[in-house]
Structures are given as structure tokens and as C-alpha cells.
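Encoded as C-alpha cells, here's the structure I'll be asking about.
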Amino acid sequence: MNVLVAIAAVAGVAALFFLSRTVTCTRQGRVLRAGGAGVGTLASAAVATAAVLLAVSYYGYERLTAEQVVAALAFRQTGPDTWQARLMVEGEHDRTFELRGNEWQLDARLVTWKPPLTILGLDPIYRLERLSGRYAEIARERSEMRTVYALSEPGPFDVWSVARRFPALTPGIDAHYGSATYVPMADGARFEVSLSRDALIARPANAAARTALGRWAGGD
């Protein structure tokens, strides 16, 4: 993050220097030098702008330094295939959602870095994207009401969205989903969700969750 700020500051100073040279050369009638300085102004301003936008977007995500727990979910059944899901994220207020179905899924946006941006020493970053309920049976998945909730709002500049839309213009940025494998909901079940550098992992955090996973894996 400090590297991005430094790059933005240096490029900004360079842009001001080239702008001053452009004005001076123009007044003196040195057209070629004014043109060269103008190109330097535009290039420096572009670098400074890109660094600022990347820094702002980077700050809007959470840093991922190793596999870590990013959320916990607790479930309470409120009706047939209807559940109250409590999402707990450290540093945020708990949020409650109504999910329909018999399984749940949590999705996240994950950004990692490739050359040439690896020289900046940036950590991978992530943002929880959405929570949804789903049905194990394909027929019900197609016909029953779905429940899907957004967990974050896009900012004015989102590095993940830009990298996904314009990959050729964003070398060094690898933007992808890291989605948890869907797991069952059960009354009283609690799960912890960890994020590695390439995927979300849901693990049972109490006996009710372990029992639900055991039955689900066994096909019951």
C-alpha cells in the first residue's frame, strides 16, 4: 500500500514538473520540446491516476496474508426449507438473512498479483461477495424461489471488476471467484469459513454442523 502511495506521489510530482516545462516551452516558442514535455505530463499523470485508483480499491478490500477465517455462519430453522442465517464477520455488525433451500453457499471476490505487479509486494485481497441458499435437488433448484444476498457494494473503482472486464489492460492482476463448496444447513449448526489464496473452505464448528455434514456426505 505504501508503495502505491509513493508511486502516486512521485508520478504526481513528475506530472507537475512536465506540465511546467510544457508551459515554459510553449511560451518560448519551442514547439518540439513543448510537445515532448506534454507527453511526459500525460504519461506521468496516467501513472499517478492509476496508482491512486489501485490504492483506493486495494484499501476497499481485506488483505489475505495466509489462510484465515473470514466469517462464521449460524443457522436456525424457521420453517420447511426456511432458515435464519446469521453471518458473523470480525470487525462488522452481525447480519441476519432468510435463506430458502437445504444448502448454503458463500462467495468471495479474490484478487492476486502476477508479474509485473508482484514487484510491489502487495498481499492478495478479498471481499465477501454474496450469500445464497440452494436446493440439493436440481428440479427444485430450477423451480423453487431462490434467495441470494449481496454482501458488499461496488466502489467507484473496483480493481476486480476492471481486471475481469479488461484483462488485456490489467497485466499482473488475477481476479477470480473463490467460492465455498456448498454445504447443508441444519438447525443449530455453526460453520467457520476460511479463505486460502485460491478458495473458500467451509468447516463445521459444532456438533450439529458435523452431524449435518456426515449425513449429507453419506447421501442421507
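The values are calculated or read from the model by the stated rules, or taken from the named source; none is laboratory data. Everything quoted here is computed from the prediction, not taken from an experiment. Reconstructed Cβ throughout: ideal geometry from the backbone, glycine too, with neighbour counts over all protein chains shown.
Being more than 25 Å from I201 (Cα to Cα) and among the aliphatic types (A, V, I, L, M) is true for just one of L106, L122, L117. Which residue is that?
L117 is the lone residue from the list that is more than 25 Å from I201 (Cα to Cα) and among the aliphatic types (A, V, I, L, M).
Can you list residue pairs whose Cβ atoms sit under 6 Å apart, with the first residue in region 88-113 being in the same structural domain as P204 (by TED's automatic domain parsing) and closer than 19 Å to I125 by Cα and the second being of a type in the set (F, W, Y) and crowded, with 19+ Cβ neighbours inside 10 Å? Count only pairs 6 or more apart in sequence or on different chains.
A108/Y126; R109/W160; L110/Y126; V111/W160
Would you pick out the residues in region 57-92 that are farther than 26 Å from E141 by Cβ, outside any strand (DSSP E or B) and modelled with pLDDT of 85 or more?
Scanning region 57-92 gives V89, E90, G91, E92.
Continuing with this model, one more query. Considering only region 93-117, how many residues are within 20 Å of the chain's Cα centre (by Cα) and outside any strand (DSSP E or B)? So that I can check it myself, show each step before the final result.
First pass over region 93-117, keeping only residues within 20 Å of the chain's Cα centre (by Cα): 93-95, 104-115, 117.
With the extra rule that they be outside any strand (DSSP E or B), the set shrinks to 93-94, 114-115, 117.
Adding up the residues that qualify gives 5.
When you look at L120, is it among the hydrophobic types (A, V, I, L, M, F, W, C), under 23 Å from the mean Cα position of the chain (by Cα), buried (at least 16 other Cβ atoms within 10 Å of the Cβ) and more than 24 Å from F191 (Cα to Cα), yes or no?
So L120 passes the test.
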